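One structure is given below, encoded as structure tokens.
Nothing in this text is a laboratory measurement; each read-out follows from the coordinates by a stated rule. Every value quoted in this text rests on a predicted model; they were computed, and no experiment measured them. In this analysis, Cβ positions are derived from the backbone assuming ideal geometry, glycine residues included, and neighbour counts consider all displayed protein chains.
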Amino acid sequence: MKLLGEKGVERLLSVVAFSAISALGLIAVFIFIEGLPFLFKYGIKDFLLSSDWRPDAGKFGIYPMIAASFWVMLGAMLIGAPLGIAGAIFLAEFVPKTVMNIIKPAIELLAAIPSVIYGFIGVVVLAPVIRDLFGGPGLSLLAGAIILGIMIMPTVISISIDSLLAVPVSFREGSLALGATKWQTVHMLTTKAAKSGIVASIILGMGRAIGETMAVIMVTGNSVMIPHSPLESVRTLTANIALEMSYAIGMHREALFATGVVLFIVIIILNSIASVAIRKKVIVK
Amino acid sequence: MRIPPKYTQIAAITILGAATVFTVAILIFILVFVLEKGLPILSLNFLFTSPADMGRSGGIFPILIGTVLLPLLAIIVAAPLGIATSVYLVEFTNESRITRLIRFGTDCLAGVPSIIFGLFGFIFFVTILGMGWSIMSGGLSLAFMILPTIIRTSEEAIRAVPKAYREVSFSLGASRWQTVRKVVIPNALPGVVTGVVLGIGRSIEETAVVIFTAGSSLLIPTSVFDSTRTMAVHFYILAREGLSMENAYGTAAALIIAVLIVNLTAYFMMHRFIAKRN
């Protein structure tokens, strides 16, 4: 480093600092190179809105997968977001700091459990329960939604807690001094002040739910069809890529990369919204 | 009828508390379930013998090696890049359009689904660069994936070093880079290492990226251009193809224990780091 000198080090670092954004760019470029030509050749409308997915017959309509990804994500949010936000409020507002400092990392550990283990638990524990209680194959949209709901909870809890704790203590003291109960303070004031952070946590959770692959492959059953009930077997966009990539060639492979393009765009949009929401929080602070 | 605030408060706390307990209960259930079934199978013999008959019998020794090598390579590549990025962001620039762009890129990269990293690694490293399904392709793809984790964690750690330390160093005539090297980095080190450890954890947990880029060979790798599989991949293949439930549970237990060790290490390091700061 001595050889480089002070200016040299600074210049080197300023180049290396672009590593993450270059990585993102590189990924985008290569996914798009492989996927975009297909989109224009086959027609974006036919690709996104047709329900006919028969790669051997040259038919590549991903609408059933889009619907499946959407419903699984929505179900996961209906389960994971309320539980996650409730947990975050409880831990940030109603328990002593020491308790929170034990339980928060424990919940964050949920995020570290490999997705294949979640998928496996879904197959051997959850699917039989769903089959016995509601009928159907068990491996279903519902099973996917529940497992994903659990998987996104740590994301929602962790970011929501941070944004709740970022609300100045003086806000709370003011409300309590006016005679409000702790709960009134929480739901009329603290959660409102932390709103953008909580919203960001939900959006990031949505991103995780749409992007998750291995757990979803294991528990949703993977039939290519538009779901009419939560008990049906479905295949998501991510599952479709992972299941067929190993043997896909030619147009079929291009179609899978085009599916990757669609996923990539959706995720970047969600992340952009979340990062705007989080920045808002910082300004308030 | 208006319910007195005292009662709504009690009701709210009960519901919120129940949600929290439920969440923690799920965590405990998963850990207990996997360890209860897997621990009896897990033995030194299981860890240090090679699998036989596609993993139906035997142990997981080559898989253990793959599980060490892939994250190791990922860290060797991603740690210097990630730490340098965070040093630059905190020490060498002020908030500007460029730092915002770098942060936005980092956040987006963190949100990119693993299947996309897998697709990219497959087309770029495996196919275009001709590395094939190998430890090299897998490690580099994983490096892309864990870069944001390392950048964010070490940025926080470096930012947490008190301003006064830097001022003292500058007043003694040290340059910016000397200050970073001799004062900032040593003080931020536990936090920076935490980021690296978390990156190792994410690499161990990952399945989709590894299947697409490192393949799933069961042989002991002899070079970085050999295919290999990690415990997560091995577990997935055993469970999905129903090859051996017993060995699947054994592998799952080993995987969970590895993940626990890595994450608890990260947690305690961060904890000590924060305690020292305060």
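If you keep only loop residues by DSSP, which GluC sites (Glu not before Pro) in region B:200-278 have at most 13 other Cβ atoms within 10 Å of their Cβ? Hits after loop and neighbour filter: B:Glu241. Counting beta carbons within 10 Å around each of A:Lys195, B:Lys6 and listing the fewest first gives the order B:Lys6, A:Lys195. Neighbour counts of other Cβ atoms within 10 Å put B:Tyr236, A:Tyr63, A:Tyr42, A:Tyr118 in the fewest-to-most order A:Tyr63, A:Tyr42, A:Tyr118, B:Tyr236. Coordinate range of the alpha-carbon atoms in the protein assembly as shown per principal axis, descending: 78, 67, 55 Å.
Kirkwood hydrodynamic radius of region B:170-220, from the reciprocal of the average inverse Cα-Cα distance over all distinct pairs: 14.2 Å.
Annotation: the residues B:Phe170, A:Phe38, sorted from fewest to most other C-beta atoms within 10 Å of their own C-beta, follow the order B:Phe170, A:Phe38. What is the dipole size for region B:1-157, taken about its Cα centre, with +1 at each Lys and Arg Cβ and -1 at each Asp and Glu Cβ, in debye to the nearest 20? With only Lys, Arg, Asp and Glu charged at Cβ, the dipole is about 460 debye.
Mean residue ellipticity, 222 nm, helices only, chain B: the sum of -39500 (n - 2.57) across DSSP H runs of n ≥ 4, divided by residue count and rounded to 500, is -24000 deg cm²/dmol.
Each listed q (0.23 Å⁻¹) maps to a log10 I(q)/I(0) for region B:163-278, found by the Debye formula over equal Cα scatterers with no solvent: -1.21.
Region A:59-205: percent of C-alpha pairs farther apart than 19 Å? Looking at region A:59-205, the distances longer than 19 Å represent 60 percent of pairs.
Its Kirkwood hydrodynamic radius, worked out from the mean inverse distance over all distinct Cα pairs, puts region B:44-277 at 19.0 Å. Overall size of region A:127-217 from C-alpha positions, given as principal axis extents largest first: 56, 27, 13 Å.
A convex hull fitted to the Cα coordinates of chain A yields 197 cubic angstrom per residue. Considering every alpha-carbon pair of region B:1-54, the percent of pairs per 5 Å bin, from zero through the bin containing the longest distance, is 4, 15, 11, 12, 10, 9, 8, 7, 6, 5, 4, 3, 3, 2, 0. Is it possible to state the helix-based mean residue ellipticity at 222 nm for chain A, with each DSSP H run of 4+ residues giving -39500 (n - 2.57), the sum divided by total residues, to the nearest 500 deg cm²/dmol? What is it? Taking each H run of at least 4 residues, the total per residue is -23500 deg cm²/dmol.
Along region A:48-54 the Karplus relation, 6.51 cos²θ - 1.76 cosθ + 1.60 evaluated at θ = phi - 60°, assigns HN-Hα couplings of 7, 10, 8, 9, 9, 10, 9 Hz to successive residues, with x for each Gly and Pro.
Sparse packing (at most 12 other Cβ atoms within 10 Å of the Cβ) combined with a DSSP loop state is found for none of the chymotrypsin sites (Phe, Trp or Tyr not before Pro) in region A:3-36.
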